[in-house]
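Here's the structure, in structure tokens; my notes come after.
The values are calculated or read from the model by the stated rules, or taken from the named source; none is laboratory data. Please read all numbers here as calculations on a predicted model, not as lab measurements. All Cβ positions, even for glycine, are placed from backbone atoms using ideal geometry, and neighbour counts span all protein chains on display. The area values use the complete protein model at the heavy-atom level, side chains included, leaving out ligands, DNA and RNA. Shrake-Rupley method; radii C 1.70, N 1.55, O 1.52, S 1.80 Å.
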Amino acid sequence: MKRRLVAVGIVSMSTALALGVPAVAGPAPRVDIPVKHPVATGTGGAVVSDTVQSTAAGLEVLREGGTAADAAVAVAATLGVTDPYVAGIGGGGYFVYYDARTHKVSTIDGRETTPLQADQNLFIDPATGKPLTFPTAVTSGLSVGVPGTLMTWEQALRRWGTLSLAAVLEPAERVAQQGFPVDATFRELTRENAGRFAQFSSTSKLFLPNGQLPEVGSIMRNPDLARTYQEIGRKGVADFYGGALGGDVVHTVHNLPLAEGATITPRPGLMQLADLAIYHAPYQRPTHVNYRGLDVYGMAPSSSGGSTGGEALNILDNFDLAAETPVQALHHYLEATRLAFADRNRYVGDAHYVSVPLQQMLSKEYGRDRACLIDPTHALTSPVAPGDPYSSGSGCTPTQPTNARQPVEGTNTNHFVVSDKWGNVVSYTNTIEELGGSGIVVPNRGFLLNNELTDFDFTPLQPGVPDPNLPAPGKRPRSSMSPTIVLKGGAPFLAVGSPGGASIITTVVQILVNRIALGMSLPDAIAAPRASQRNSATSQAEPAFIAEPTAAGLQALGQSFAVTDTSPLDPTIKIAPTIGVASGLEFLGHGEVLAAGEPVRRGGSAAAVVQPVS
């Protein structure tokens, strides 16, 4: 691929860094932060991602004639540089693709897998027979699953790409080598992780140079990652899945690079080079439901996103939300996700290991069975018991509270969307799980390793009841990632998704309800205050949601809300009390696309199109 953006003439330092190209030499140690635009409209293709640099990388590939799949890999690789605490080649994710030639939606399951030497007792302390604490499990080699990101890229390019892996990695290599300006969000995310990062020599060297937080406006470079990308471009993904790069990953998991004076003694992991050599990221059929005449496609297990979000939409399809008051519409939304999560926790896991009643859970009959449990005058008492999808259409069966524990899931991921001039569409969510993953950078390689295996339930959620999400050799932990594509009359209408752990599902459902049922514009549907009910006594909510007049009406119906404002790894650290960081595309007809992201959450999104229109 020609490096078209290199030959752009004289540009400002901030613009050059945003585009990942050389700028005019200058002595200034600080640069301006590139401005993000959360909304754009135009033709020729579109990108919405978390950073200006990653969106620019996607546009570069689209302008060079690449497909949406080519551009998506370029975006993801660049996010591994500029958004490294939530994604990168040390993690995994789910890729949803609409093929304009076949008019079909397909998916790739790039979820991490459990090493073959692990078993159901992966997170049980052999000395006590009790589960490890969540923070202890996260910051360890035990939490590191076999990464799937690179294999996902390989699969996407093989089926839908036109460019080589080496070519689409070039923009990310340039940004990693030349650097990007640190903004307030990057500095804050580093601060929240500084205590963990300082425990590992390789991590502190990269993200805490000289033991200090990076200053806003300083330049963050990652030459190790640039060299790693170059090596992958030359050798292919086999370098990771059984080759020298994979050997470095395995060595790191077993020989944790503790810093001098480290105050923790993390447990090494079980991954072997053979685990990497046998890893695969399969193509699989998407989930599918019809909501208000639109076809909604999402991820099947190992993700619970498509099944749980689809069930919630089927429940909501029994109500005319547009004709209801805002309070009643939101009440129905909260109750639908409450019921869907009860089924998710009981039935959904890696379908290669457990029997998931996916067809039954996504049937319209089962949606009606669950919808009839909703009382318009009062909220259900959580945790409610799961239903019986095997008896779909049996009518309304009263549900009872259950004593099942609620699962724990990390909350930090990224999501982006891409389209091209031919009408192909990508909705891609990828992650290393917790903010900063396991906290362990592979020495001299420039990327963090995931802690995805902590998405497993450490012990059964309810004694005596089968748990579909316990560890097992080679198993994928259940995820909530929900990359979604919506078709209208067989053609793309929407592509959406979000990070946020289990709240991903509710965020995507709320955006779809806002846009499809309530008639909001896509930017307004994304920006609207959020609440997330996941079969808990209290719904997680943003302060802006609680401050709205509808909150009082919902509370009168028995809904209760709380703001989640502390990190699960360190309760002394306050984080922004927001839910998700969504991005979306809406297809307006005649090749025109509306690209929309977050105006504020986690620093906002960068939306752009190849050919803007006023």
*Can you tell me which residues in the range 372-389 are surrounded by fewer than 20 Cβ atoms within 10 Å (Cβ to Cβ), out of contact with any Gly (no Cβ under 7 Å at 6 or more places or on another chain) and outside any loop (DSSP other than H, G, I, E, B)?*
D375
*Residues being open to solvent by less than 10 Å² (accessible area, probe 1.4 Å) and more than 18 Å from the chain's Cα centre (by Cα) - total across the range 487-502*: 1
*So how many residues does the range 33-83 have that are under 26 Å from V146 (Cβ atoms), open to solvent by less than 10 Å² (accessible area, probe 1.4 Å) and not β-branched (V, I, T)?*
10
*Which residue, of D224, D248, is within 24 Å of T113 (Cα to Cα) and either out of contact with any Phe, Trp or Tyr (no Cβ under 8 Å at 6 or more places or on another chain) or not hydrophobic (A, V, I, L, M, F, W, C) (or both)?*
D248
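Pick from the range 294-320 the residues that are among the hydrophobic types (A, V, I, L, M, F, W, C) and surrounded by 20 or more Cβ atoms within 10 Å (Cβ to Cβ): which of them is farthest from the chain's Cα centre (by Cα)? Talk me through it step by step, then tell me what you get.
Residues of the range 294-320 that are among the hydrophobic types (A, V, I, L, M, F, W, C), as a first pass: 294, 296, 299-300, 312-313, 315-316, 319.
Narrowing further to those that are surrounded by 20 or more Cβ atoms within 10 Å (Cβ to Cβ): 296, 299-300, 312-313, 315-316, 319.
Details: V296: 18, M299: 12, A300: 15, A312: 19, L313: 20, I315: 24, L316: 24, F319: 29 Å.
The residue in question is F319.
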*If you go through the range 142-167 one residue at a time, how many are touching a helix residue (DSSP H, G or I) at 6+ places or on another chain (Cβ under 6 Å), within 19 Å of R478 (Cα to Cα) and small (G, A, S)?*
2
*Which of (1) more than 25 Å from V356 (Cβ to Cβ); (2) assigned to a loop (DSSP other than H, G, I, E, B); (3) modelled with pLDDT of 95 or more does F416 not meet, given it meets every other one?*
(2)
*Read through the list (1) open to solvent by 40 Å² or more (accessible area, probe 1.4 Å); (2) assigned to a loop (DSSP other than H, G, I, E, B), then give the number of the only condition that R158 fails.*
(2)
_If I go through the range 577-599 residue by residue, how many of them are surrounded by 24 or more Cβ atoms within 10 Å (Cβ to Cβ) and in a strand (DSSP E or B)?_
6
*What are the residues in the range 100-138 that are more than 19 Å from H352 (Cα to Cα), in contact with a Leu (Cβ under 7 Å, 6 or more places away or on another chain) and open to solvent by 50 Å² or more (accessible area, probe 1.4 Å), if any?*
P135
